[in-house]
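Reading through the structure tokens given below for one structure.
Nothing in this text is a laboratory measurement; each read-out follows from the coordinates by a stated rule. In this text the structure is predicted, and so the values were computed from the model without any measurement. Every residue, glycine as well, gets a Cβ built from its backbone with ideal geometry; the counts of neighbours run over all protein chains shown.
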Amino acid sequence: MASDMSAASLEELRQIIDAHLHLEGPLLPMLHGIQEAFGHIPAEAHAPIAEALNISRAELHGVISFYHDFREKPAGRHVLKICRAEACQAVGGEALAEATLSKLGLDWHGTTKNGAVTVEPVYCLGLCACAPAAMMDDRVVGRVDTARMDEMLTEAGA
Amino acid sequence: MKIWVPIDSAAKALGADAVTRALAAEAEAQGMDVEIIRNGTRGMIWLEPLVEVEIDGVRHGYGPAEPGDAVGILSGDSAKALGPVEDLDWMKRQTRLTFARVGVIDPLSLAEYEAHGGLAGLRRAAAMSGQQIVDEVKESGLRGRGGAGFPTGIKWQTVHDAEAAQKYIVCNADEGDSGTFADRMIMEGDPFTLIEGMAIAGLGVGATKGYVYLRSEYPDAIRVMRRAVEIARHARVLGADVLGSGRAFDMEIRVGAGAYVCGEETSLLNSLEGKRGVVRAKPPLPALEGFLGRPTVVNNVISLATVPVIFEKGAQAYADFGLGRSRGTVTLQIAGNVARGGLFETAFGISLGEVVNELGDGTATGRPVKAVQVGGPLGAYLPVSKFDAPLGYEELDAEGGLLGHAGLVVFDDSADMLKMARFAMEFCAVESCGKCTPCRIGAVRGVETIDRIAAGDAGAVPLLSDLCETMKEGSLCALGGFTPFPVMSALTHFPDEFTGQKEAAE
């Protein structure tokens, strides 16, 4: 397989895999570690993970594709998650999400052309008593209205 | 001068960090000597950020605070003054057992935790045999707070009696239900309670290892829990010799990956093992063949976090609260379109109407309440005519509802119930693990059938009922099995919205 990864990146990948091998049920922590380092799960990671855990690449693909969190390609520089669940819907969350997507000209999971922001749906951030809620990277925001959303998008460079 | 500003996600989401910076800057400018402590939230989310200032040994509240309120709060002359926090109606009406310390202490101060009753339960348990520990939990009447309401002591007994070289305690912290945030609140506000509860469970059933499966949507809770485990290990609350008892228990925090179905215990176990989060058929019960095929206690955060207070105060003292077979307290989470949302811990038995109208003070929009979804995305929509229903497991079941994790999402009269029913099916289709057909295909057909009804095809209504029956009876787990609750309750209580008239007229 042709690889775009540098030798240094491949070495880092190895180290992340090795660091998790002692765990009981190491695969999810390993994938989180890889995604934290590389921003996604690069295709180059599949063979060494499968080999280290003695599972088939089909099994590995099954796991990666099952979970919403794991990406095959890098996201934008920031990830905006907008809650779509019932408590947020009860206070206009759906209209907020639609307005945001249409303003950016995106569908769910889309990234702005300048690569600044990827917008994703999330089903509950546990901020149901101060809905509608959103999260820019790890920063949570409650009672989001369009003005607040615009502010967040401007800050993120969208 | 001691000042508290919550570090809870909900408070942060409403600007608590900016308020903290403003207070610190203003105190420095005035040359005041202040100590700012970041506490958990008291649960009065409509008052967040709720700043507390100690005056003559009593904590006075100011909220909802903005950075501009810093000067007034420090001088004691602020329009946001609420008086002593403990005297607020919302606080006085509660029976805070599980959440006694949340909002009071610095979440990561083990010394404060101990000063407020922490570790007393574990010390008592450490002097008891495994069977005595299990008996105490049975006697308390504690039932699983994650939603199913299964008696916790019976589950522990099964694991206790199982013979195995290694057993596990797994905490289900995959709180994915909309309208619920009690797990998040306690993990961020009093993490040692959960650690202590898991350690007691470990001593009780003979498990030396525990895992918290915590959803990735809660980055703040993950940070707090990880740090708390390190602190507990350092203080020998965890490790080879728990509090000098000669018995071992240690634990790890594991992060989920955004799959709702992993809140179902067998999917969670598969996920923890590094597999697709697909549901397992039961039997075998996880209590006998759980994580890595070994005997495993799987309990919700609130169930485990309630164990320490049961051991501190005694099983009977806990069982003295409640109604019927629902013993102890319920941690209500009041959310959605509500004027005063938050967490309210009280004995089982309070009525739905009292919660929504008196505690919640009606809707945030000021419009009439139309429905309340109780128990998360898989719970029923209850109309105002059901407001007399007492909140207890069996009591709500009798009304065709589901208490679940005790989240209540309020909707005003602008809610479109057909759309909410459609969303329930859509959500089930997105989140189905795919293992069983009624859920995997039924949910997709459910969306299509509701679309037909919306387009004016009244003949599709019986089809929807029939489909719901199949999903209910034929699904492996609660995702497919309970999605019919919101759908059928919307259809039953708001039949006028399923005639297709509105769309047909447009």
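So for the stretch A:1-69, averaging the separation of alpha carbon pairs under 8 Å that are six or more residues apart and normalising by length, what relative contact order in percent results? Don't jump to the answer; show the numbers that get you there.
Numbers: 27 pairs, mean separation 17.7, N = 69.
Normalised by residue count, the contact order of the stretch A:1-69 is 26 percent.
Please compute, for peptide B:255-265, the average count of beta-carbon atoms on other protein chains lying within 10 Å of each residue's beta-carbon. Walk me through the numbers before you get to the answer.
On the way: counts 4, 5, 11, 9, 4, 4, 1, 2, 0, 0, 0.
That average works out to 4.
Which peptide among B:324-337, B:115-128, B:71-84 comes first, and what is the full order, when sorted by highest mean count of other Cβ atoms within 10 Å? Let's see the in-between values first.
Values: B:324-337: 24.9, B:115-128: 18.6, B:71-84: 14.9.
Per-residue mean Cβ counts within 10 Å order the peptides as B:324-337, B:115-128, B:71-84.
Taking the Cα centre of the protein assembly as shown as origin and charging only Cβ (+1 Lys, Arg; -1 Asp, Glu), how large is the dipole, in debye to the nearest 20?
Values: 60 positive and 89 negative charges, 244 e Å.
So the dipole magnitude of the protein assembly as shown works out to roughly 1180 debye.
Using the number of other C-beta atoms within 10 angstrom as an exposure proxy, rank B:Lys282, B:Lys419, A:Lys81 with the fewest first.
B:Lys282, B:Lys419, A:Lys81
Please average, across the residues of B:269-275, the number of beta carbons from any other chain that are within 10 Å of each residue's own beta carbon, and give a whole number. Let's see the in-between values first.
Details: counts 1, 3, 6, 4, 5, 15, 8.
Averaged over the peptide's residues, the number is 6.
I'd like to know which of B:Ala27, A:Asn54, B:Ala490 lies farthest towards the positive end of the charge dipole of the protein assembly as shown, counting +1 on Cβ of Lys and Arg and -1 on Cβ of Asp and Glu.
A:Asn54
Report the Cys residues of chain A lacking a disulfide-compatible partner, meaning no second Cys Cβ under 4.7 Å from their Cβ.
A:Cys124, A:Cys128, A:Cys130, each lacking another Cys Cβ under 4.7 Å.
Return the Rg/Rh value of the stretch A:7-66, two decimal places, where both radii are evaluated on C-alpha atoms and Rh is the Kirkwood radius. Spell out each step's value before the answer.
Numbers: Rg = 10.4 Å, Rh = 11.4 Å.
Rg divided by Rh gives 0.91.
Under the rule of at least 5 residues apart or a separate chain, name every residue whose amide H is placed under 5 Å from the amide H of B:Asp412.
So B:Asp412 has HN proximity to B:Lys370.
If you find the alpha carbon centre of the stretch B:132-209 and of the stretch A:1-74, how far apart are they in angstrom?
32
Please give the net charge around B:Glu399, taking every other residue with its beta carbon less than 14 angstrom from that of B:Glu399, where Lys and Arg add +1 and Asp and Glu add -1. Don't jump to the answer; show the numbers that get you there.
On the way: positive: B:Lys386; negative: B:Asp388, B:Glu394, B:Glu395, B:Asp397.
Residues close to B:Glu399 contribute a combined charge of -3.
Run the reach check for B:Lys80 against lysines, Cα to Cα strictly under 29 Å, same-chain hits fewer than 8 apart removed. What comes back?
B:Lys2, B:Lys12, B:Lys92
Would you work out the Kirkwood radius for the stretch A:78-156? I mean one over the mean of 1/r across all pairs of different Cα atoms, in Å.
Working: mean 1/r = 0.0825 Å⁻¹.
Here the Kirkwood hydrodynamic radius works out to 12.1 Å.
Taking the Cα atoms of chain B, report the difference between the largest and smallest coordinate on each principal axis, in whole Å and largest first.
That gives 72, 61, 39 Å along the principal axes, largest extent first.
Write down, largest first, the equivalent ellipsoid semi-axes of the stretch B:247-361 in whole Å, where each equals the square root of 5 times an eigenvalue of the alpha-carbon gyration tensor.
Each semi-axis is the square root of five times an eigenvalue, giving 32, 21, 14 Å.
Computed from the mean reciprocal separation of all distinct C-alpha pairs, what Kirkwood hydrodynamic radius does the stretch A:10-123 have, in Å? Each step should come with its number before you reach the end.
Working: mean 1/r = 0.0631 Å⁻¹.
Here the Kirkwood hydrodynamic radius works out to 15.9 Å.
Lysines within cross-link reach of B:Lys386: Cα-Cα under 16 Å, excluding same-chain residues under 8 positions apart?
Candidates past the 8-residue exclusion: B:Lys370.
For Cα pairs less than 8 Å apart in space and 6+ apart in sequence, what is the mean separation divided by the residue count of the stretch A:78-156, i.e. the relative contact order in percent?
Values: 125 pairs, mean separation 30.1, N = 79.
Worked out over the stretch A:78-156, it gives 38 percent.
Where the centre of each part is set by its Cα atoms, how far does the stretch B:59-127 sit from the stretch B:441-506, in angstrom?
Cα centroid to Cα centroid, the span is 45 Å.
Leaving out same-chain residues fewer than 8 places away, which lysines sit with a Cα under 22 Å from that of A:Lys73?
Straight-line reach from A:Lys73, under 22 Å: A:Lys81, A:Lys113, B:Lys275.
Remind me, relative contact order of chain B in percent, using alpha carbon pairs under 8 angstrom and six or more residues apart? Could you put the intermediate results ahead of the total?
Values: 1127 pairs, mean separation 67.1, N = 506.
This gives 13 percent for chain B.
Can you give the net charge of the other residues whose Cβ lies under 13 Å from the Cβ of B:Ser75, counting K and R as +1 and D and E as -1?
Working: positive: B:Lys80; negative: B:Glu26, B:Asp69, B:Asp77.
It works out to a net charge of -2.
Mind checking B:173-179 for the average number of partner chain beta-carbons within 10 Å of each residue's beta-carbon? Walk me through the intermediate numbers first.
On the way: counts 0, 0, 2, 4, 7, 14, 10.
Average neighbour count from other chains, rounded to a whole number: 5.
When the helix-only estimate is applied to chain B (DSSP H runs of n ≥ 4, each -39,500 (n - 2.57), divided by the residue count), what is the mean residue ellipticity at 222 nm, nearest 500 deg cm²/dmol? Could you put the intermediate results ahead of the total?
Working: 22 runs with 201 residues, N = 506.
Theoretical 222 nm ellipticity from helices: -11500 deg cm²/dmol.
Given a Förster radius of 60 Å and the C-beta distance between A:Ala19 and B:Thr499 as r, what FRET efficiency does 1/(1 + (r/R0)^6) yield to the nearest 0.05?
Numbers: r = 60 Å, r/R0 = 1.00.
It comes to 0.50.
Add +1 for every Lys or Arg and -1 for every Asp or Glu among the other residues with Cβ under 11 Å from the Cβ of A:Val91, and state the total.
Summing Lys and Arg as +1 and Asp and Glu as -1 gives -3.
How large are Rg and Dmax for the protein assembly as shown when only the alpha carbon atoms are used, in Å?
24.5, 75
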